[in-house]
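S.K.: Questions regarding the structure given below will be posed in turn.
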Amino acid sequence: MLMKSHTAPARTRQRRATSIGPSNWLLAPALAFFAVFALIPLLGVAVLSFMHWDGLGTPSFAGLANWQQTFSNPVTLNAMWLTFAMTVLCYLTQAPISILIGVFMAGEQKYRSVYSVLYFLPLLFSAAAVGIAFKALLDPNFGLSKAFNVALLSQDWLGSTNLVFYVLIFVISWCFVPFHSLLYQAAVKQIPTSMNEAAMLDGAGRVRTFFSVTLPQIKYTVITSSTLMVVGSLTYFDLVFVMTNGGPGNATRILPLDMYLTGFRSYQMGPASAIAVILVVVGLVVSLLLNKFSGTDKMESQQEGA
């Protein structure tokens with residue numbers, strides 16, 4: 001009996017090791033794909049940030065010269081500030097609107113399905129097409145100002161340094177709010193109806209139910225959406241490139257666009273690679289911090305009290 005008591009756990013551990021082992025091979029294709037298309041190129045960019053290279057000749061070692069140039073270049077420093085400002089303003093614009101639209105679309109009224117289709121239309125268009133369309137609509141010579149003959153619309157929206165930044169935030173929000181609204185709609189649909197009914201029986205109105213029931217139950221969706229918004233704001237390029245190309249002046253030359261212009265317009269691949277590394281590091285740090293301080297690693301149930 002004593003021998004059986006000692007050998008049984010050992011056999012159990014052996015069976016577990018045998019059953020777990022083959023399943024690890026299922027991860028191999030995904031890991032190989034990630035290594036080839038993410039890790040190896042990222043490592044190459046990191047190495048290139050210490051090189052002098054114009055994109056054509058042979059790279060030569062530059063030491064920390066590229067990094068010193070990056071952190072002393074006033075254009076790049078201004079691009080960092082613009083990227084930070086755009087990240088904050090886009091989040092403050094998109095987050096509340098996305099939550100409200102998502103909660104609205106999760107209702108049971110039939111007419112809401114029609115509104116849902118209208119809200120999702122921007123998801124069907126490419127960023128380049130949206131940029132071209134808005135650039136034409138906002139043109140003071142033949143855009144909306146000529147169509148409706150309204151003096152307010154006749155401003156040079158994309159040519160004014162005081163307006164162009166906020167116009168871009170509006171267009172970016174118009175493009176990405178539908179995606180995040182879809183996330184919130186799906187999250188709200190998962191909330192048990194019994195929780196809302198209990199809140200109504202307790203005398204809670206719609207506003208109180210929203211803050212006391214809905215928001216706590218979709219907190220992990222809020223975290224996921226916030227992470228996508230913040231990290232995604234570091235990759236805004238196509239819309240800005242099509243609409244303003246960083247202008248007027250450097251008023252909208254955010255960091256991703258500065259990386260492109262430095263590398264493919266000025267042929268300074270070393271400093272451009274340094275900017276790319278900064279974007280990757282900042283995005284990774286922000287993502288980790290959001291997940292760390294939001295408590296998602298605790299894995300509590302989203303239906304607490306259900």
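S.K.: Bins of 10 Å, beginning at zero and ending with the bin holding the largest distance: percent of Cα pairs per bin for region 228-278, please.
M.R.: Pairs per bin, as whole percents: 27, 52, 20, 0.
S.K.: Pull out a ≥ b ≥ c, the square roots of the eigenvalues of the alpha-carbon gyration tensor of region 39-105, then state rounded if a/c is under 1.5, prolate if not and a/b is larger than b/c, and oblate in the remaining case. Could you put the intermediate results ahead of the total?
M.R.: Numbers: a/c = 4.62, a/b = 2.31, b/c = 2.00.
It is prolate, given that a/c is not under 1.5 and a/b is the larger ratio.
S.K.: Still on this structure, I have one more. Please give the per residue volume of the convex hull enclosing the alpha carbon atoms of region 142-224, rounded to a whole number of Å³.
M.R.: Cα convex hull per residue, to the nearest whole number: 163 Å³.
S.K.: Neighbouring Cβ atoms within 10 Å as the yardstick, rank GLU108, GLU197 fewest first.
M.R.: Arranged by neighbour count, lowest to highest, GLU108, GLU197 become GLU108, GLU197.
S.K.: Given H placed on each backbone N at 1.01 Å, which residues far from MET51 in sequence or on other chains put an amide H within less than 5 Å of it?
M.R.: ALA62
S.K.: If you average the sequence gap of Cα pairs under 8 Å that are 6 or more apart and divide by the length of the chain, what percent do you get for the contact order?
M.R.: Numbers: 307 pairs, mean separation 81.6, N = 306.
So the answer I get is 27 percent.
S.K.: Have a look at the chain and give its Rg and Dmax from the Cα atoms, expressed in angstrom.
M.R.: Taking only Cα atoms of the chain, I get Rg and Dmax of 25.5, 95 Å.
S.K.: A follow-up question, please. Please give the contour-minus-distance gain from GLN155 to LEU27: 0.36 nm per residue of separation, less the Cα-Cα distance, rounded to one decimal in nm.
M.R.: So the extension gain works out to 40.6 nm.
S.K.: On to the next question. With only Lys, Arg, Asp and Glu charged, each at its Cβ (+1 for the first two, -1 for the last two), find how big the charge dipole of the chain is about the Cα centre; round to the nearest 20 debye.
M.R.: Using Cβ point charges on Lys, Arg, Asp and Glu, the chain gives about 980 debye.
S.K.: Which residue, chosen from ALA199, ALA129, PHE241, occupies the Cα position most advanced towards the positive end of the dipole of the chain, where the dipole is computed from +1 (Lys, Arg) and -1 (Asp, Glu) charges on Cβ about the Cα centre?
M.R.: ALA199
S.K.: Moving on to the next point. Would you tally the net charge around SER266, using a Cβ to Cβ cut-off of less than 13 Å, leaving SER266 out, and scoring K and R as +1, D and E as -1?
M.R.: 0
None of the figures in this text is laboratory data; all of them are computed from the coordinates on show. Note that the structure is a prediction, hence the values are computed from the model and not measured. Glycine also receives a Cβ, built like all others from the backbone with ideal geometry; neighbour counts cover every protein chain displayed.
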